[in-house]
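S.K.: Here's a structure for you.
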Amino acid sequence: MKKIAKIDEIPRNGSKLVMINNKPIALFNLEGRIIAWDNRCPHRGASLADSHISEDIIQCKFHLWEFDTHSECSVANPAIKIKSYPIELKDGYVLLDEKITSDL
Ligand code: FES
């Protein structure tokens with residue numbers, strides 16, 4: 001597992017953008033729940049790290065598409081799913097599987 005960020009670098013109900021193998025990954029802190037999504041909005045690729053962020057909904061700022069943070073799908077069209085990455089939290093760090101990071 002590779003350290004990709006410190007947990008305390010991700011503001012509560014905020015985000016941190018990291019680049020892994022030249023791919024942008026948005027880390028979100030949703031009331032203490034940390035998730036990792038492909039930073040590119042499935043609509044037109046805007047930065048999801050810059051979204052309106054709440055515990056249950058991440059809303060892209062560009063055209064206001066909303067994504068459910070639990071199902072990781074578009075609220076309006078559940079067939080549209082965000083690409084997300086499994087992470088682990090350990091010793092204050094967010095860890096991502098190195099195999100996954102090299103496959104990105
Ligand atoms: S680019 Fe995100 S809603 Fe259009």
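The values are calculated or read from the model by the stated rules, or taken from the named source; none is laboratory data. The model shown is predicted, which means the values in this text are computed figures rather than measured ones. Positions of Cβ are backbone-derived with ideal geometry, glycine not excepted, and every protein chain shown enters the neighbour counts.
S.K.: Tell me which residues, restricted to region 45-71, are buried (at least 16 other Cβ atoms within 10 Å of the Cβ), among the hydrophobic types (A, V, I, L, M, F, W, C) and under 17 Å from residue 32 (Cα atoms).
M.R.: 49, 53, 58 - these are the residues of region 45-71 that are buried (at least 16 other Cβ atoms within 10 Å of the Cβ), among the hydrophobic types (A, V, I, L, M, F, W, C) and under 17 Å from residue 32 (Cα atoms).
S.K.: Could you check how many residues of region 29-61 are more than 15 Å from the ligand (Cβ to nearest atom) and not charged (D, E, K, R)?
M.R.: 7
S.K.: Check every one of the strands (runs of 3 or more DSSP E) wholly within region 4-94 and list those with 1 or more residues that are among the basic types (Lys, Arg) and touching a residue at least 12 places away in the same chain (Cβ under 8 Å).
M.R.: Counting at least 1 such residues, we get 14-20, 23-30, 33-38, 87-90.
S.K.: Given the structure, is residue 16 more than 13 Å from the chain's Cα centre (by Cα) and either within 16 Å of the ligand (Cβ to nearest atom) or charged (D, E, K, R) (or both)?
M.R.: no
S.K.: Can you name the number of the only condition in (1) of a type in the set (A, V, I, L, M); (2) surrounded by 12 or more Cβ atoms within 10 Å (Cβ to Cβ); (3) within 14 Å of the ligand (Cβ to nearest atom); (4) farther than 19 Å from residue 97 by Cα that residue 26 fails?
M.R.: Status for residue 26: all satisfied but (4).
S.K.: Follow-up question, since we're still on this one. So which residues in region 59-95 are farther than 17 Å from residue 30 by Cβ and either within 12 Å of the chain's Cα centre (by Cα) or modelled with pLDDT under 95 (or both), if there are any at all?
M.R.: Passing the criteria: only 83.
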